[in-house]
Amino acid sequence: AKAGTQLFATRYRLRRVDGAYVWMLARGVPVLGPDGSVREWVGTCIDIQAQVLGEERAGFLARASELFASSLDASATLASLANLSVSALADWCIVDMLHPDGHFERVQVVAADPSHAPLAASVQRLTPVPRERPVYPPAVALATGRSTLVPEVTDAVMQSVAQDAEHLETMRRVGIHSLLTVPLMARGHIVGALTFLLTTSGRRYDDEDLRFAQELANV
């Protein structure tokens, strides 16, 4: 831009005080000196996080739609969706499926960090809490069709939903900071639940994330 005395424009990320990263757009109009070279730029820095997030999520929904349209194997499709989710929406993704006889099965647990694979396997082996337990987010989704958003998961929250000491210890090892669970719907019926966890990404789920997750679960 300096060599060509042109408009300067670039996108980059900034880390906020709370640890979250946001996309910024910097633009500058060159001010030329008497010799025609750039003396300075006068410009702006604009927070474009919402725009970038919207673009990313539109692409994510398109890929999710392709997954659902390309396979009749529900388990394989949900496994692919879980893997896709940890690249766009979560640090961890958990998939629970509801069976016709009323019990539900944990079919997929994926962590974004490959080194957490053994811990993910432990989470998947845990016996899910019965649907009748009203405080456990997947149980709430499967029994009532309601979503659960917990922006800040404290140890007290984990204690309130843990089914036993092993469950509590596993949640602590995962290090959940924020949680989002939505019911999976098919033809108006609840068929499962998607749970998204944030652990190390430096942000917390909010109402916009909830709306997006609900849209995803109804793809």
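The values are calculated or read from the model by the stated rules, or taken from the named source; none is laboratory data. All values reported here derive from a predicted model rather than from experimental measurement. Heads up, the Cβs are rebuilt from the backbone with ideal geometry, glycines too, and the neighbour counts pull from every protein chain shown. Accessible surface areas use protein heavy atoms only, side chains included; no ligands, DNA or RNA. Shrake-Rupley method; radii C 1.70, N 1.55, O 1.52, S 1.80 Å.
So the values come out like this:
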{"quantity": "In the range 185-195, residue nearest to H116 (Cα to Cα) [restricted to those that are of a type in the set (A, V, I, L, M) and touching a residue at least 40 places away in the same chain (Cβ under 8 Å)]", "calculated": "L194"}
{"quantity": "Residue match in the range 196-207 (condition: in contact (Cβ under 8 Å) with a residue 24 or more places away in the chain, assigned to a helix (DSSP H, G or I) and under 19 Å from R57 (Cα atoms))", "calculated": "yes"}
{"quantity": "Answer from V140, V157, V107 - the residue that is under 29 Å from E56 (Cβ atoms), modelled with pLDDT of 90 or more and of a type in the set (V, I, T)", "calculated": "V157"}
{"quantity": "V157 open to solvent by 20 Å² or more (accessible area, probe 1.4 Å), without any contact (Cβ under 8 Å) to a residue 60 or more places away in the chain and within 23 Å of the chain's Cα centre (by Cα)", "calculated": "yes"}
{"quantity": "Selection from the range 1-29 of residues that are within 30 Å of H177 (Cβ to Cβ), more than 21 Å from the chain's Cα centre (by Cα) and in a loop (DSSP other than H, G, I, E, B)", "calculated": "none"}
